[in-house]
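Structure first, then comments.
The values are calculated or read from the model by the stated rules, or taken from the named source; none is laboratory data. All of these numbers come straight from a predicted model, not from anything done at the bench. When we count neighbours, we look across all protein chains shown, and the Cβ atoms used for this are built from the backbone with ideal geometry, even at glycine. Protein only, heavy atoms only, side chains kept; ligands, DNA and RNA dropped before computing areas. Shrake-Rupley method; radii C 1.70, N 1.55, O 1.52, S 1.80 Å.
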Amino acid sequence: MRKHILYFIALLPFMASCSDDIFSNPQGSITMSGVEVTLEGSDNMEGLDVQLRNISTNSIFTQTTDTEGRTIFNVPPGTYEVTASGKRAEEGIAYTYNGTSGLVVVRSNEPSSVVIAMKSAQVSQIVVKEIYVGGCMRDDGVTTFHFDKSIILYNNSDQRANVSNLCIAQSAPANGHSNNKNYNADGKLTYESEGFIPVWNGLFYFPSALEIEPYSQVVVNLNGAIDNTLTISQSVNYAHPDYYCAYDPESGYDNPSYYPTPSSVIPTSHYLKALRLGLGNALPISVSAPALVLFQVKDTDPVTYATKPENQWYDGAVAQVNICAKVPNNWIMDGIEVFSALHKTDSKKRLTADIDAGYVWLTNYQGHVLYRNVDKEATEALPENDGLLVYQYSLGVDDSTDPSGIDAEASMKNGAHIIFQDTNNSTNDFHERQECSLRRN
């Protein structure tokens, strides 16, 4: 997942006199004083939490800011620490805001003002929670099946996500163990200094804004939006009205093996559109080692952007088979570098370190899935999770387990809210599970 840290110029807190009639609010025999706190750093500072803590008595006063990013306290005289925090979500990106004033001396009958310059940290609100691309064995126990790929997107925050022009693609080359010619003499990717990731052959995109409720997920089928279990028992049933699917035969991606007519229970409004740039009648997402990229096109639409020659790039010789679209790094909401467990000695990264500093191994054709790790500390800190978290997997000792010890799926079925780990490093953020979570539904 791509992260950006935006720093606002720090403003020193200051104290200024204000009219007594704004603040006068005596309580009993204690002379109360008014403290006006104003937050700066964004156009919208409404609804953020502000806390005054008396460092001598540890008394805490908490309020939220108004539409002007302001709140007024009436507190006893003393020395206070003023802190402010909150979250914002815009176009699928979540922002956390934090700020402090340092120590503020509040004197009797002397109203005062404090201005806090907030610092903003930008993180992806939507993350890829689960990747199922490796396929499974057919019921004969000999042949393999892989036309049932999907990913699961997750709103990793407590605010509703609403994002437009959301796209799904894969970087070049298609396999991590392919002959990657995009390294220079210094051992760096040739496009690293240019600030983009090449996505190969084409992309799928949501035709309208995607909304995901807090701590909720959206299933996106990439191949075979049907009940595959009717013919292959170890596969996945995608016949669900809430699921989305990549299905746009008019784009040229019309191979019926990859894209059979979706189940009738999936509404056509949940069909992703496609843009084919290269050759072939399907977007051949690797069954063993894709570098998946989730990104949002800014200031235009996906088709307009990706079809402009200046936004195209070639993975090798200038030929249609090698064509890619250049995706600016700051558009990428999540990127996951997947390597094949069968090719541990010849796999090379395609995603730069600012997108994904690591990689995760996948064993294909076993029904396995790559699953994002739980952020144990953050999840356990949610008060609503008390008594709802499950600390062991239900599939037995042979199943890979989350390093946190928490079974996210079982916990969510209990009603828990899960916060998943997101360190911009797939080695730390993912583990391989024995089966797709959709098979438990």
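Structure data summary
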read-out: Listed pairs 87/348; 149/349; 188/376; 348/376 exceeding 28 Å between Cα atoms; value: 87/348; 188/376; 348/376
read-out: All-pairs Cα distance distribution in the range 83-224, expressed in whole percent, bin size 5 Å; value: 2, 7, 11, 13, 12, 12, 12, 10, 7, 5, 3, 3, 2, 1, 1, 0, 0
read-out: Mean Cα-pair separation over length for the range 128-264, i.e. relative contact order, pairs under 8 Å, 6 or more apart, %; value: 28
read-out: If the convex hull is drawn through the Cα atoms of the range 146-235, its volume per residue in Å³; value: 167
read-out: For q = 0.14, 0.27 Å⁻¹, Debye-computed log10 I/I(0) when each Cα of the range 236-313 counts as one equal scatterer; value: -0.58, -1.38
read-out: Accessible surface, 1.4 Å probe, highest first, among residues 240, 368; value: 240, 368
read-out: For residue 291, residues with placed amide H under 5 Å, excluding near neighbours; value: 171, 338
read-out: Per-pair calculated FRET efficiency, R0 = 35 Å: residue 143 and residue 213 via Cβ, rounded to 0.05; value: 0.30
read-out: Length-normalised contact order of the chain in % [C-alpha pairs under 8 Å, at least 6 apart]; value: 15
read-out: Residue-normalised accessible area of the range 217-359, given per residue in Å² at a 1.4 Å probe; value: 40
read-out: Table column - 3J(HN,Hα) (Hz), the range 209-220, Karplus curve with 6.51, -1.76, 1.60, x for Gly and Pro; value: 4, 9, 10, 10, 5, x, 6, 10, 10, 10, 8, 10
read-out: Loop-exposed chymotrypsin sites (Phe, Trp or Tyr not before Pro) per DSSP, neighbour cap 13 Cβ within 10 angstrom, longest uninterrupted part of the chain; value: 15-390
read-out: Cα gyration tensor category, rounded, prolate or oblate, for the range 284-441 with a/c compared to 1.5; value: prolate
read-out: Residues with amide H under 5 Å from that of residue 363, placed H, sequence gap 5 or more; value: 341
read-out: Volume per residue of the C-alpha convex hull in the range 315-388, rounded to whole Å³; value: 187
read-out: At R0 = 56 Å, FRET efficiency that the Cβ-Cβ distance of residue 386 and residue 107 yields, to 0.05; value: 0.85
read-out: Orientation-averaged projected area, Cα convex hull of the range 349-441 (nm²); value: 6.6
read-out: Ratio of the Cα radius of gyration of the range 270-355 to 2.2 N^0.38 Å, where N counts its residues; value: 1.19
read-out: Hypothetical label at residue 269: residues of the range 182-224 whose amide nitrogen lies under 16 Å (7 Å Cα-Cβ projection); value: 206-213
read-out: Antiparallel content of DSSP bridges confined to the chain, in %, to 5; value: 85
read-out: Kirkwood hydrodynamic radius (C-alpha pairs) into Stokes-Einstein, the range 165-304, 25 °C and 0.890 mPa s, D in µm²/s; value: 148
read-out: Approximate shape of the range 220-274 as ellipsoid semi-axes (Cα gyration tensor, √5λ), whole Å, largest first; value: 18, 13, 8
read-out: 3J(HN,Hα) from dihedral phi, the range 248-258, Karplus parametrisation 6.51/-1.76/1.60, rounded to Hz, x for glycine, proline; value: 8, x, 5, 6, x, 7, 10, 5, x, 5, 7
read-out: The range 132-287: antiparallel DSSP beta bridges as a percent of all, rounded to 5; value: 85
read-out: Between the range 195-235 and the range 107-139, the Cα center-to-center distance that results, in Å; value: 23
read-out: Relative contact order of the range 302-435, pairs being alpha-carbon contacts under 8 Å that are 6 or more residues apart, as %; value: 25
read-out: Structure-based [θ]222 nm, the chain - -39500 (n - 2.57) summed over DSSP H runs of at least 4, per residue, nearest 500; value: -1000 deg cm²/dmol
read-out: Reciprocal of mean inverse Cα separation for the chain (Kirkwood radius, Å); value: 24.1
read-out: Solvent-accessible surface ranking, highest first, for 71, 345, 100 at 1.4 angstrom; value: 345, 100, 71
